[in-house]
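Down below is the structure, laid out as structure tokens.
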Amino acid sequence: MSATKNLSEQIFKQQYDYPETSGLINRIDYSDGSSISPLDGDLDSRWYRIINPILWFWRGLPKLEVEAVLSRIAASTKKHTNDKWLDSVIGYQPGNWIYEFLNQAAEWSAKADAIDPTNLSEDDKKNLNTYYLIASEYASIASYPHFKNDELAMYAQTCAYQAYTKALNYSPYKIKELEFKVEDRNIKTLLHLPKTEGTCPVVVICNALGNLQIDFYRYFSEYLAPQGIAMLTVDLPSVGYSRNFTLTQNSSQIHQAIIEQLSTVPWVDNNRLIVAGFRFGSHIATRLTYLMPNKIKGLFNFTPFVHQIFTDKELQKNLPNSYKDMLASRLGLPLISNQQLAAELNYFSLKNQGLLTRACPVPVMNIIFENDKLSTLTEAKLIHSAKQNKIITIPKTPLQKSLHQALTQSVTWMKSIL
């Protein structure tokens, strides 16, 4: 019996003694949360997690299926950590968030496993790629918000990476698993290569707080690859393959070490490198650009977080509980209060760090969404370039169309500066 099968059997066995995700962070202050944007999902006080179906559909998950999973969680009458939150069913059993999303992942993995691998047609390969990608996304959502001390979430994360690796075996693109030395440890990353001869430009992805590095396949396959641009994904400190690192105000530590070593990677042209920051990842991307201007061709930020969220105490106070808990988990804090969070986050402001007091030495593109309380026009203007400044505001509805428009414009801009 394979190790993967053993792991699956271990995971899908019902157990009732696991602590539930929403009870893992000791919080002193509670918040119903209003500091959010359409990009983050639906703010609903009946859920602990931030529900983001539109982004999940965009990542390839079937709409009716996602709604059915959420309905099963909402309808559960099992014991909850907090009766106020629908997604706080205790134990690995029906109604529990991780159980329901991981079971859905298992169904798609089983669908892929049922295809005979001995004589695969092109359609079979396409289906295998799709089925395993869907399985990996369901498992990624099962793990969300990816707390390091959440044993079940760690299992779900393992499943997510396993399914993603299988999906890549049937991708029309070549994907390389690369390890880079960061301090005394190795960090695993994934290099996605377009169908081009010779070396190609590369975009280094800096994730949002709630993402794993496997959540960006569609950005690569639909936007970057057709333009001949490679994508290197790296997990945020404290998450996924970077889970042994704690997030600090030196947020770019891992990415910095990787960029220093990019010249050893034969498939990419490290002289044509763009860093792309998504939400919180823009803190990493912007920091990298100021610290390594000779190695970076351009900075693209998708709704940047560089100052306001780190210094505005009212904004922080109004963050949803799960968002505050996610910050606490990433920062390695065993308990969280508004006061402690404000003290920790203040160090993260790139303005306070003295970086934004001078012009950015490379071309910059910032995309912001209207009515986004966490990433405003004022925030985007703080990252001003000495060479080329581009700020685009995207309407919040219809979100799917706006998202497509934003990502299309990001790649057009990248091509123009490479």
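The values are calculated or read from the model by the stated rules, or taken from the named source; none is laboratory data. This is a predicted model, so every value here is computed, not measured. Heads up, the Cβs are rebuilt from the backbone with ideal geometry, glycines too, and the neighbour counts pull from every protein chain shown. Side chains included, ligands, DNA and RNA excluded: accessible areas come from the protein's heavy atoms. Shrake-Rupley method; radii C 1.70, N 1.55, O 1.52, S 1.80 Å.
Checked against the criteria, Tyr48 does not count as open to solvent by less than 30 Å² (accessible area, probe 1.4 Å) and farther than 19 Å from Ala208 by Cβ. Take the conditions (1) out of contact with any helix residue (DSSP H, G or I) (no Cβ under 7 Å at 6 or more places or on another chain); (2) in contact (Cβ under 8 Å) with a residue 24 or more places away in the chain; (3) assigned to a loop (DSSP other than H, G, I, E, B); Lys126 misses just one of them, which is (3). Screening Phe101 with (1) open to solvent by 20 Å² or more (accessible area, probe 1.4 Å); (2) outside any loop (DSSP other than H, G, I, E, B) gives one miss only, at (1). In the stretch 198-231, how many residues are touching a Cys at 6+ places or on another chain (Cβ under 9 Å) and crowded, with 24+ Cβ neighbours inside 10 Å? The total comes to 2. Screening the stretch 155-264 for strands (runs of 3 or more DSSP E) wholly inside it with 2 or more residues that are modelled with pLDDT of 95 or more, in contact with a helix residue (DSSP H, G or I) (Cβ under 7 Å, 6 or more places away or on another chain) and more than 27 Å from Leu355 (Cα to Cα) returns the ranges 185-193. Being open to solvent by 10 Å² or more (accessible area, probe 1.4 Å), closer than 29 Å to Phe57 by Cα, charged (D, E, K, R) and over 15 Å from the mean Cα position of the chain (by Cα) is a condition met by no residue of the stretch 232-254.
Tallying residues that are closer than 18 Å to Asn244 by Cβ and of a type outside the set (Gly, Ala, Ser) within the stretch 132-174 yields 11.
Mind checking which residues of the stretch 133-151 are farther than 19 Å from Pro53 by Cα and either open to solvent by 10 Å² or more (accessible area, probe 1.4 Å) or touching a strand residue (DSSP E or B) at 6+ places or on another chain (Cβ under 6 Å) (or both)? Can you show your working first?
The first filter runs over the stretch 133-151 and keeps only residues farther than 19 Å from Pro53 by Cα, leaving 147-151.
Scanning the stretch 133-151 gives Lys148, Asn149, Glu151.
Cβ-Cβ contacts under 7 Å between residues 6 or more apart (or on different chains), taken from a first residue in the stretch 65-78 that is under 16 Å from Tyr48 (Cα atoms) to a second residue that is of a type in the set (D, E, K, R) and not in a helix (DSSP H, G or I), are listed as Ile73/Asp87.
Could you say which residue among Lys78, Lys63, Lys111, Lys126 is exposed (fewer than 14 other Cβ atoms within 10 Å of the Cβ) and over 21 Å from the mean Cα position of the chain (by Cα)? So that I can check it myself, show each step before the final result.
Numbers: Lys63 fails: over 21 Å from the mean Cα position of the chain (by Cα); Lys111 fails: exposed (fewer than 14 other Cβ atoms within 10 Å of the Cβ); Lys126 fails: exposed (fewer than 14 other Cβ atoms within 10 Å of the Cβ).
Answer to the selection: Lys78.
Pairs linking a residue in the stretch 254-269 that is aliphatic (A, V, I, L, M) to a residue that is in a strand (DSSP E or B) and open to solvent by 10 Å² or more (accessible area, probe 1.4 Å), with Cβ atoms under 6 Å and 6 or more positions apart or on different chains, are Leu262/Asn270.
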